[in-house]
Amino acid sequence: MNALAATNRNFKLASRILGLDAKLEKSLLIPFREIKVECTIPKDDGTLASFIGFRVQHDNSRGPMKGGIRYHPEVDPDEVNALAQLMTWKTAVANIPYGGAKGGIGCNPSDLSISELERLTRVFTQRIHDLIGIHTDVPAPDMGTNSQTMAWILDEYSKFHGHSPAVVTGKPIDLGGSLGRDAATGRGVLFATEALLNESGKTISGQRFVIQGFGNVGSWAARLISELGGKVVAVSDISGAIKNKNGLDIDSLLKHVQENRGVKGFHGSDAIDSDSILVEDCDVLIPAALGGVINRENANEIKAKYIVEAANHPTDPEADEILKKNGVVILPDIYANSGGVTVSYFEWVQNIQGFMWEEERVNNELKTYMTKGLKNVKEMCKTHNCDLRMGAFTLGLNRVARATVLRGWEA
């Protein structure tokens, strides 16, 4: 089941639990606007190259739309649609005043030079500048993009609309970015995991963690978990997978990754098959890479007691059912990885106020939002007698439905 089908399935289940009528359900599901643009740029060798850019704006009943822009060869409209919809529910679960959007360009950033990436970003911004904005749609970095990409978007957008730092988040600090933004999704994963373990009288310390994906989110989660005494026993990235049953030295691993562009060959670890990372023995499994990695083929072999979804849609619905029967607790993506968008909201607020916060305040506010978020999800679980995924979906969907009805937008 692809990401769009799985998101729609969860939406329909949550809608049924809440008893929404068919007209309201339909209006909540249909995107506000779908944008598809052609971006043609001159390459460094003088030839022309064309790329397709997408932006799906899903819902703006609770505020401006918000979502990342990814540069990846597999960007397709269905995936962008699913991720935009997921952002609507995620921002509602986090209780921040946004709706969902998502965008991307079908390209392989590693095949393009820095100047080619800049030209591509600027052309894409020219195509969509009148469809995004501080109070309309606020992009952010995603897979294959970073703070520099946001700086180019900010600069290009400002040529048309005047200096507008709040039009994107995840910017460099020097252009109005927020302190703590780089670590935000990983730190949010830590706070979410901590809140979940605390419910069972456990702490991060002494628990064994496996992290699939060692990019921004996975590496920050590993660093912060390690600082609190958690034992990261296995990690993987595009270069390979490694493990050490006594716990990896995360500080040394981070240096190794910086020098060797991957975890492969790290001294003090054993190489393992990348496909086996998800079924390694551990207490907490954190998938922090691509979607659909936990499926019916490997679900029965998973040994973790908890799965914290740092990636978007890492667990297929069929795997969900298998894991539920096996007693595995899954902290769903629309709550677990909402730290990034929450700190993006803090950045947007700081830009609008023209007043920057200290990093300690950013982290403390994030912890408050994540802790309160799990409490609200748990209350929905009790009310509707459902698991955490449906608890989060019903919470988000209920908030968006109420805003839609209050504004008189229901079909």
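The values are calculated or read from the model by the stated rules, or taken from the named source; none is laboratory data. Just so you know, these numbers come straight off a predicted model, no measurement behind them. So basically every Cβ, Gly included, is an ideal-geometry build from the backbone, and we count neighbours across all protein chains shown. Please note that ligands, DNA and RNA were not included when accessible areas were found on the heavy atoms of the full protein model with its side chains. Shrake-Rupley method; radii C 1.70, N 1.55, O 1.52, S 1.80 Å.
Where the convex hull is taken over the Cα atoms of the range 32-165, what is its projected area averaged over directions, in nm²?
So the Cα hull casts an average projection of 7.5 nm².
Let me know the volume per residue of the alpha-carbon convex hull for the range 353-411, in Å³.
Per-residue hull volume (Cα only) is 115 Å³.
Pairs Lys12/Lys303; Lys243/Lys303; Lys90/Lys367; Lys90/Lys372; Lys255/Lys303: which are spaced more than 18 Å apart, C-alpha to C-alpha?
With Cα atoms farther than 18 Å apart: Lys12/Lys303; Lys255/Lys303.
Accessible area per residue, 1.4 Å probe, Å², for the chain: what's the number?
Normalised by residue count, the accessible surface of the chain is 42 Å².
What are the extents of the Cα atoms of the range 274-411 along their three principal axes, listed from largest to smallest and rounded to whole Å?
Extents along the principal axes: 50, 41, 25 Å.
Does the range 169-290 come out rounded, prolate or oblate by the C-alpha gyration tensor, with a ≥ b ≥ c the root eigenvalues, rounded set by a/c under 1.5 and, if not, prolate when a/b is larger than b/c and oblate if not?
Cα axes put the range 169-290 in the oblate bin.
Tell me what the chain gives for mean residue ellipticity at 222 nm when only DSSP H runs of n ≥ 4 count, each as -39,500 (n - 2.57), the sum divided by the residue total, rounded to 500 deg cm²/dmol.
-14500 deg cm²/dmol
Starting from the Cα-Cα distance between Thr371 and Arg296, subtract it from 0.36 nm times their residue separation and give me the gain in nm to one decimal.
Additional length available on full extension: 23.9 nm.
Taking the alpha-carbon distance from Lys159 and a cut-off under 29 Å, which lysines remain once sequence neighbours fewer than 8 residues away in the same chain are dropped?
Lys36, Lys43, Lys66, Lys102, Lys171
Quick one: what do you get for the range 176-411 if you divide its Cα Rg by 2.2 N^0.38 Å?
Its radius of gyration relative to the 2.2 N^0.38 Å reference: 1.04.
Can I get the semi-axes of the range 142-207's equivalent ellipsoid? Compute them from the C-alpha gyration tensor as square roots of 5 times the eigenvalues, in angstrom, largest first.
36, 10, 9
Taking the alpha-carbon centroid of each part, what is the distance from the range 67-120 to the range 344-411 in angstrom?
Using only Cα atoms to place each centre, the spacing works out to 20 Å.
Each label point is 7 Å from the Cα along the Cα-to-Cβ direction; what then is the distance between the points at Asp155 and Lys325, in nm?
The modelled label-to-label distance comes out at 5.6 nm.
Please figure out what share of the DSSP beta bridges in the chain is antiparallel and state it in percent, rounded to the nearest 5.
Among the beta bridges of the chain, antiparallel pairing accounts for roughly 45 percent.
Taking all protein chains in place and a 1.4 Å probe, what share, in percent, of the accessible surface of the chain do carbon and sulfur account for?
48 percent
Accessible area of Thr136, 1.4 Å probe, to the nearest 10 Å²?
Ignoring ligands and nucleic acids, Thr136 comes out at about 60 Å².
Quick one: of the DSSP bridges fully inside the range 176-411, what percent are antiparallel, nearest 5?
Counting only bridges with both partners in the range 176-411, antiparallel ones make up about 30 percent.
Under a no-solvent Debye model with one identical scatterer per Cα of the range 303-351, what's log10 I(q)/I(0) at q = 0.15, 0.18, 0.22, 0.25 Å⁻¹?
Each listed q maps to, in turn, -0.48, -0.60, -0.76, -0.89.
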